[in-house]
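A.B. asks: One structure is given below, represented as structure tokens, and several questions about it will come after.
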Amino acid sequence: MKLILIILITLMVTSCKNNNQQNANGTSEQNTQVEDNKIKDLRIHYHSNNKYTLNDKNGVLLPVFKLAAEKTNVNIISTANPVAQKSEEELILQAANKFPDDIYGGNNSKKHIYAYAEEGAFIPLQDLVDEHAPNIKKFFEERPDVKKALTTAEGDIYMIPYVPDGGVARTYFIRTDWLKKLNLEVPKTVEDLEKVLIAFREQDPNGNGQKDEIPLFNDKWEEIVRTATLFGARVYGNDSFSERVVLDDNDNLYHAWTHEDFKNAFIEVARWYKLGLIDPEFVTRKQNTARQTLLAKEDRGGVTHEWLASTASYNYNEEILKANPDFKLEAFLPPSYKGVDGFEEHRRTQVKPDGWGISHSAKDPVAAIKFMDWFFSEEGKIASNFGIEGDSYTLVDGKPVFTEKVLKSGTVNQFLYENYGTQYMIGYAQNYEYEKQWTVKEGQDAYKLYEDADPYTKPYTPILNFNKEETATYAKYASALHTYQDEMIQGFITGKFDITKEWDSYVVKCKELGSEEIVGIYKSAYERYKSSN
Ligand code: CA
């Protein structure tokens, strides 16, 4: 797939450049007042969460997009494949058709949109924003960091992104009912945490007479890898499991997964695994099922590092409370290690690589940008975060409040995606208030604990704009390198590979697979990022 991408970029050079200028300057042939009032078709190819299109599962336009279309005088035609699994791959497929629709986007689409834009497949948006998108313009003025993350060295912006809100994301959670039962304190050091995990393992806190407790677990194996941060190593550069190039305290970028700190941390993680402290099924367990299985179904899980709102909600899970009314899962801060303060690596990013851009084929770029702009208007902000008034929310003292049917839906996000198109990862600004409304007390406590203690002491790798050559380099190496690293790290944790013996050859192999080349493109993109305004 990566090779196809490179070939397609090359093929598109001549085909797109010409259309580009003409459309970017507006629509000379459609400038009359009469034309402006006519309802225009907008063909949109978009996937949210790698699967949802702008239509519901019956092929009907979702209410939020229906509202947006009415308000901006357009007719939306959703062109994305309704059964697709990966928006990145869908975009690459669309490149073969030279992006015939008006708007394209999806998860992790930024690298692709920017790479194809270099060939003229997407039009620059900054002038359109200045002239026709007052709400986006205002947003960029309020959030110059977001604007900067989107602007190329040439000063072009090609995508309107999903901008998350709220800082605290994943936090550590521990079974405080188990602590109480075993007469233990909330751990403040990693050394104490180890003792607690061993006690969970050995002392039967779930009281079933078996040593079946899983002291430390996560919903995704990539999150188990982040256990290394307890031992002082950095793992991910930002809120993405594929972002393995990390900014150190001295503003230098390095490959975290080949660093000496990483090795030393994984010697400890492997030791924990051998002690039986880490979920033995962390590789084979179906992703995103660990919390449901180990908390709700089996009452065996002790400590996890997961998203606070969804994790805290287990405190109110009826299945759990019926079996164990004492169940209590509460947040604790990253513990210190060898006298050095702990840190929390994970938080929400300033801007996500998800969003949408306008194709060179767009017949009316002004109508397209006006449609995108609506989501940043007061009305659009409420719709994209809360849905439809009188249905998914009501206004209370001027503020949107979710209705019972949303709050009682169990899986709030999924309910919103599927029934409204709300919280879709289109170009929009999230309002954390949406999540707060369904965050239970223990989740709100977790947020406050982390916000007050502020363990976010490590720099974040910014979302960088790769140019065409850098994108090609990334595409050439990243996939094979990450696949190799994934296999080796899993093996280092489980003891299948002996980290002390095999680390050096692992690093050599990573370099052969392009780890240094990848750091190189990050460094050049980061230099441009720092020098741009
Ligand atoms: Ca037990």
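A.B. asks: Using Cα atoms only, what is the angle between the long axis of helix 87-96 and the major principal axis of the chain, expressed in degrees (0 to 90) to the nearest 10?
C.D. replies: The two axes meet at around 30 degrees.
A.B. asks: Taking the mean number of other Cβ atoms within 10 Å as a proxy for protection, how do you rank 496-508, 233-245 from highest to lowest?
C.D. replies: Ranking, from highest mean packing down: 233-245, 496-508.
A.B. asks: Given the peptides 48-56, 307-315, 432-440, 524-532, arrange them by the average over their residues of other C-beta atoms within 10 Å, most packed first.
C.D. replies: My ranking of the peptides, most packed first, is 307-315, 48-56, 432-440, 524-532.
A.B. asks: List the residues, sorted by chain then number, that are 5 or more residues from T79 or on another chain and whose placed amide H is less than 5 Å from its amide H.
C.D. replies: I44, H45, Y46
A.B. asks: Quick one: angle between helix 515-531 and the longest Cα principal axis of the chain, in degrees between 0 and 90, rounded to 10, please.
C.D. replies: 60 degrees
A.B. asks: Mind jotting down a quarter of the surface of the convex hull over the alpha carbons of the chain, in square nanometres, one decimal?
C.D. replies: Result: a mean projected hull area of 25.2 nm².
A.B. asks: Specify, per residue and in Å³, the volume enclosed by the convex hull of the alpha carbon atoms belonging to segment 217-366.
C.D. replies: Roughly 196 Å³ of hull volume per residue.
A.B. asks: Specify the angular offset, from 0 to 90 degrees and rounded to the nearest 10, of the alpha carbon long axis of helix 441-453 from the longest principal axis of the alpha carbons in the chain.
C.D. replies: Orientation of helix 441-453: about 90 degrees from the principal axis.
A.B. asks: Hey, what number do you get for the chain at 222 nm if only DSSP H runs of n ≥ 4 count, each worth -39500 (n - 2.57), divided across all residues, to the nearest 500?
C.D. replies: One gets -13000 deg cm²/dmol as the mean residue ellipticity at 222 nm.
A.B. asks: Quick one: plug the Kirkwood hydrodynamic radius of segment 381-440 (C-alpha pairs) into Stokes-Einstein at 37 °C, 0.692 mPa s, and report D in µm²/s.
C.D. replies: Translational diffusion coefficient: 289 µm²/s.
A.B. asks: Can you tell me the mean projection area, over all orientations, of the convex hull of segment 109-151's alpha carbons? Units nm², please.
C.D. replies: Here the figure is 3.2 nm², rounded to one decimal.
A short reminder: the numbers here are calculations on the coordinates, not readings from a lab. Computed from a predicted model, the values in this text were never measured in an experiment. Here Cβ is always computed from backbone atoms with ideal geometry, including for glycine, and neighbour counts include all displayed protein chains.
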